[in-house]
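First up is the structure itself, then whatever we jot down about it.
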Amino acid sequence: MSEQVVRSKRLFFREAIACALEEEMAKDPRVFVLGQDVGSFGGSYREFDGLHEKFGASRVRDTPVAESAMVGIGVGAAAAGQRPLVCITYMDFMMLALDPLVNYGAKLRYKTGGRLTAPVVVKTTAGAKGQGVAHSQCIEAWLMSVPGLCVVAPSSPAEAYSLLRAALRHDGPVVYVDHKRLFPLAGEVTLGEIGTIGKAKIRRHGADLTVTTHSYMTRIALQAAEALQKQGVSIEVIDLLTLAPLDVETITDSLEKTGALLTLEEGQSTCGVGAEVIARVQEIMGSVRCTRVSALRAPVSSNPVLEKACLPDTARVVDAAIRLLKKTAHERR
Amino acid sequence: MIYQLTVPAVADVEEIRVLEWHGEIGHRFHVGDLIVELETHKAIVEVRAGQPGIMRVVMLQAGDWQQIGEPLAIFSDNEEEEVSAQAASALVVEFQVS
């Protein structure tokens, strides 16, 4: 029995993506990439660097800006036996691709009694970073309710790599959501690791409060944890990693310990990731002391002052945590 | 005089990876000479000499990672100047970055 040598390498977020794709494309000739600027340009964030050179234009295909057509083609190619990755540069424009993604991709298994599936990965970049109301959205919560659709959201280079490899091997469809603000990050990547879709990770252990988070907000949660530690409050940070299917067990296990829940997301709280987490947890455990931290109820402006005011930051998370713990302590008396 | 090259501040960049040094210890750089190429998440940054100097100590090798503002190398006006004990007091100067 041969053992694969486990190598750890420090990589930029974009390199983790390129690495995962290169390995899957080398291994499986059915994997190909569709998107704007994915070819010789190497990707909007250089996340496809080197792939066009290595695998050629038939497997790394530049498309016009036509999200509905791109996903439709991806779903169709997947149904016909390929394993495409369709890259939607801005998650905002996923809205244009919802019909082919949901009505054809996600439902294919159900419509054909399992005879056809659509193993397509739709990779998309969410998040606010100065580009205004139509280029800043985090709408992953909208996708969580679609039967047949998997949604994953890495928060660091390690999972950018491992979850992408897992997504490309999945029956699909899988929506892989990364974030504009994750690309400047670097981190250790375990080369060869295939992630587990459907499993959350505890990033920091704590006793007083459970915080669930995903994507870039994981960094905010960990910064808040440091700040709260100085005030004598210890929080357990759970990085969801997969939004659909949600790893509710890891969350309820944590709540057995802490008894209080703060959900953190960059998207809207109404029908958001946190709303689903809280509903699921309460169905299992009964009433749980909880609060949601999210964007304010407004589109995110390109104006830096307004953008900053709209998005959750470390201070807001710390404030919300303290208020939740104070409120529940008071109510218990 | 001893001078310290630190990782230059680049917009939207937190850390870099050293790509390639363009000179060895003892090399005399002139104004505008390319000293080192640094990789960021976006592009490669070229660091050029803003003043003449001899490279005396190199803290990082190609492939090493470093944060913005941290030391990369020590330069001196003359090759006879003692550098080892004085690295900490070396003057941090501006280098040309593109």
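Within segment B:1-52, work out how many residues are more than 14 Å from chain A (Cβ to nearest Cβ) and of a type in the set (Val, Ile, Thr).
Matching residues across segment B:1-52 total 7.
Restricting attention to segment A:1-14, does a residue exist that is over 20 Å from A:PRO119 (Cα atoms) and of a type in the set (Asp, Glu)?
Yes.
Confirm whether A:GLY81 is assigned to a loop (DSSP other than H, G, I, E, B) and among the small types (Gly, Ala, Ser).
Yes, satisfied.
Report yes if some residue within segment A:109-130 is under 13 Å from the mean Cα position of the chain (by Cα) and assigned to a helix (DSSP H, G or I); otherwise report no.
Scanning segment A:109-130 turns up no residue that is under 13 Å from the mean Cα position of the chain (by Cα) and assigned to a helix (DSSP H, G or I).
Filtering segment A:1-38 down to residues that are modelled with pLDDT under 95 and more than 23 Å from A:GLU188 (Cβ to Cβ), which residue is nearest to the other protein chains (Cβ to nearest Cβ)?
Taking the candidates together, the pick is A:SER2.
Taking A:ALA78 as the residue in question, decide whether it is among the aliphatic types (A, V, I, L, M), crowded, with 18+ Cβ neighbours inside 10 Å, in the same structural domain as A:GLN137 (by TED's automatic domain parsing) and more than 19 Å from the chain's Cα centre (by Cα).
It is true that A:ALA78 is among the aliphatic types (A, V, I, L, M), crowded, with 18+ Cβ neighbours inside 10 Å, in the same structural domain as A:GLN137 (by TED's automatic domain parsing) and more than 19 Å from the chain's Cα centre (by Cα).
Filter segment A:183-221 for residues that are away from chain B (no Cβ under 14 Å), of a type in the set (A, V, I, L, M, F, W, C) and over 22 Å from A:GLU249 (Cα atoms) and give the result.
Once the filter is applied, which keeps residues that are away from chain B (no Cβ under 14 Å), of a type in the set (A, V, I, L, M, F, W, C) and over 22 Å from A:GLU249 (Cα atoms), segment A:183-221 yields A:LEU191, A:ILE220.
Enumerate the strands (runs of 3 or more DSSP E) found wholly within segment B:1-88, keeping only those where 1 or more residues are in contact with a Leu (Cβ under 7 Å, 6 or more places away or on another chain) and crowded, with 19+ Cβ neighbours inside 10 Å.
Here the list reads B:2-6, B:15-21, B:34-39, B:44-48, B:71-76.
From (1) over 13 Å from the mean Cα position of the chain (by Cα); (2) closer than 25 Å to A:PRO29 by Cβ; (3) surrounded by 23 or more Cβ atoms within 10 Å (Cβ to Cβ), pick out the condition that doesn't hold for A:ARG165.
The number of the failed condition is (3).
How many residues does segment A:1-34 contain that are touching a residue at least 60 places away in the same chain (Cβ under 8 Å) and in contact with an Asp or Glu (Cβ under 9 Å, 6 or more places away or on another chain)?
Qualifying residue count for the region: 13.
Assess whether A:GLU47 counts as being at pLDDT 95 or above, within 14 Å of chain B (Cβ to nearest Cβ) and in a helix (DSSP H, G or I).
no
Residue check: is B:ALA9 free of Cβ contacts under 8 Å to residues at least 40 places away in the same chain, hydrophobic (A, V, I, L, M, F, W, C) and under 30 Å from A:PHE48 (Cβ atoms)?
Against the criterion (free of Cβ contacts under 8 Å to residues at least 40 places away in the same chain, hydrophobic (A, V, I, L, M, F, W, C) and under 30 Å from A:PHE48 (Cβ atoms)), B:ALA9 does not qualify.
Here are some conditions: (1) closer than 22 Å to A:ALA160 by Cβ; (2) away from chain B (no Cβ under 14 Å); (3) not in a loop (DSSP other than H, G, I, E, B). A:ILE73 meets all but one. Which one does it not meet?
(1)
Looking at (1) within 23 Å of A:SER136 (Cβ to Cβ); (2) over 17 Å from the mean Cα position of the chain (by Cα); (3) surrounded by fewer than 22 Cβ atoms within 10 Å (Cβ to Cβ), find the lone condition where A:ARG219 falls short.
Unmet condition: (2).
Within segment A:190-211, is even one residue among the hydroxyl-bearing types (Ser, Thr, Tyr), part of a helix (DSSP H, G or I) and touching a residue at least 60 places away in the same chain (Cβ under 8 Å)?
no
Residues that are touching an Asp or Glu at 6+ places or on another chain (Cβ under 8 Å), within 12 Å of chain A (Cβ to nearest Cβ) and modelled with pLDDT of 95 or more: does segment B:54-65 have at least one?
Within segment B:54-65, one or more residues are touching an Asp or Glu at 6+ places or on another chain (Cβ under 8 Å), within 12 Å of chain A (Cβ to nearest Cβ) and modelled with pLDDT of 95 or more.
What number goes with the only condition from (1) assigned to a helix (DSSP H, G or I); (2) surrounded by fewer than 24 Cβ atoms within 10 Å (Cβ to Cβ) that A:GLY105 does not pass?
(2)
Evaluate the following for A:GLU307: is it part of a loop (DSSP other than H, G, I, E, B) and under 21 Å from A:GLY130 (Cβ atoms)?
It is false that A:GLU307 is part of a loop (DSSP other than H, G, I, E, B) and under 21 Å from A:GLY130 (Cβ atoms).
Can you name the number of the only condition in (1) within 14 Å of chain B (Cβ to nearest Cβ); (2) free of Cβ contacts under 8 Å to residues at least 24 places away in the same chain that A:GLY56 fails?
Exception for A:GLY56: condition (1).
Would you please list the contacts, defined by Cβ atoms under 7 Å and residues six or more apart or on different chains, that run from a residue in segment A:146-170 that is in a loop (DSSP other than H, G, I, E, B) to a residue that is of a type in the set (Lys, Arg)?
A:GLY148/A:LYS107; A:GLY148/A:ARG109
The values are calculated or read from the model by the stated rules, or taken from the named source; none is laboratory data. Please read all numbers here as calculations on a predicted model, not as lab measurements. All Cβ positions, even for glycine, are placed from backbone atoms using ideal geometry, and neighbour counts span all protein chains on display.
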